[in-house]
1. Stokes-Einstein at 37 °C, 0.692 mPa s, Kirkwood radius from Cα pairs: D for the stretch 189-315 in µm² s⁻¹?
2. Per residue, how big is the convex hull around the C-alpha atoms of the stretch 96-229? Give it to me in cubic angstrom, could you?
3. Okay, helix-only estimate at 222 nm for the chain: each DSSP H run of n ≥ 4 adds -39500 (n - 2.57), divide by all residues, round to 500 deg cm²/dmol; what do you get?
4. In square angstrom, what is the accessible area per residue of the stretch 197-338 with a 1.4 angstrom probe?
5. Quantify, in whole percent, the carbon and sulfur part of the accessible surface of the stretch 200-276 (1.4 Å probe; protein heavy atoms only).
6. Could you work out how far apart the two model spin labels at D336 and E43 are, taking each label as a point 7 Å from the Cα in the direction of the beta carbon, and quote it in nm?
7. Between T211 and D291, with labels modelled 7 Å along Cα→Cβ, what's the label distance in nm to one decimal, could you check?
8. Treating only the Cα positions of the chain as identical point scatterers, give the base-10 log of I(q)/I(0) from the Debye formula at each q in 0.07, 0.08, 0.10, 0.11 Å⁻¹.
Amino acid sequence: MNLKGRSFVTLLDYTKEEIEFLLGLSERLKNEKASNTPHRFLEGKNVVLLFQKDSTRTRCAFEAGAYDLGMGVTYLGPSGSQMGKKESIKDTARVLGRMYDGIQFRGYRNSDVEQLAKYSGVPVWNGLTDLYHPTQILADFLTVKENFGKLVGINFTYIGDARNNMGNSLMIGCAKLGINFTAVAPKNLWPEQSLVDHCKNLAKDSGSSITLTEDKMEGTKNADVLYTDVWVSMGEPKEVWRSRIDELNDYQVDLDLMKNAKQSAIFMHCLPAFHGDDTDIGAEVAKEFGDKYPRVKKGEMEVTDEVIESPQSKVFDEAENRMHTIKAVMLATMSDSY
Ligand code: CP
Ligand code: NVA
């Protein structure tokens, strides 16, 4: 398997075998880190991390991962560069491609990361756009594999805002790798029909299924994994909180819903998660909408605190796996000797 020179913009560009290869390489790098085995395979190279939106996990996974691999890193935050304001994405791509050996992009439009990949001449990695979040899926699948020893045949239920970057990318990843994917959400928050149709075709090839339902009991029955994400994503206007809470309050993951899944089921979330009132936005939303929704009053939105803190919750393993999987993506796309 040789992925050198490739960008990582969407999982749609990668075959089942290539994704499995990246997961295998992630496992190897995780073991090498745990055993203090040096793996500075990219010594002398430099990467730049472009963030139009904020981040904790993705930024730190790229930075710590790049250091482990022996590289230098530049971080450009939402207000730290000319990109998009005084300089086009196309020009930015051609400038950064002259100076760096790889580019990470987090932003709004998926077409921006596509442009960077097209014009920079170096591998470009999508660290989240409104449409996709492909590096997150690798960490999610590594976590599933660690818990169940397999991916094929796993029943994976995503509940919540299913037409966002996470819903889209999880559906694609599951369809490619033979994981049965169910999205549970009100109809207006289902993924785009064209993407659903495409994924149904991919699922046919991998022997899995794609199911969309509004019925949370039906959709979580027999689930091995219950996965949710924030009700309002980065870049969406504050005003959507009101309708989103009305639409998704019944789809909150609580212990009763976990009980409806398999006894061995795990809970996952890409994080950050609203499960208490100890965040600024959580407290603000709790204050504004808490009177109508008692759990929201405690800052519990897509998931309750009890679930996040339960033994079934794997969210921090999942967060750690961001680093191991992102290292695999950088290494495999920047080098063929490791
Ligand atoms: N899951 C994730 O992408 O987290 P950050 O926004 O902190 O990078
Ligand atoms: N859907 C979320 C994912 C965060 C990692 C967002 O875009 O804000």
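The values are calculated or read from the model by the stated rules, or taken from the named source; none is laboratory data. The model shown is predicted, which means the values in this text are computed figures rather than measured ones. Here the Cβ is made from the backbone with ideal geometry for all residues, glycine too, and neighbour counts use every protein chain on show. Accessible surface is based on the protein model in full, side chains and every heavy atom, while ligands, DNA and RNA are left aside. Shrake-Rupley method; radii C 1.70, N 1.55, O 1.52, S 1.80 Å.
1. Stokes-Einstein gives a translational diffusion coefficient of 207 µm²/s.
2. 111
3. Taken over the chain, the calculation gives -13500 deg cm²/dmol.
4. 47
5. Ligands and nucleic acids excluded, carbon and sulfur give 46 percent.
6. 2.2
7. Rounded to a tenth, the inter-label distance reads 4.1 nm.
8. With no solvent term, the Cα-only Debye profile gives -0.28, -0.36, -0.58, -0.70.
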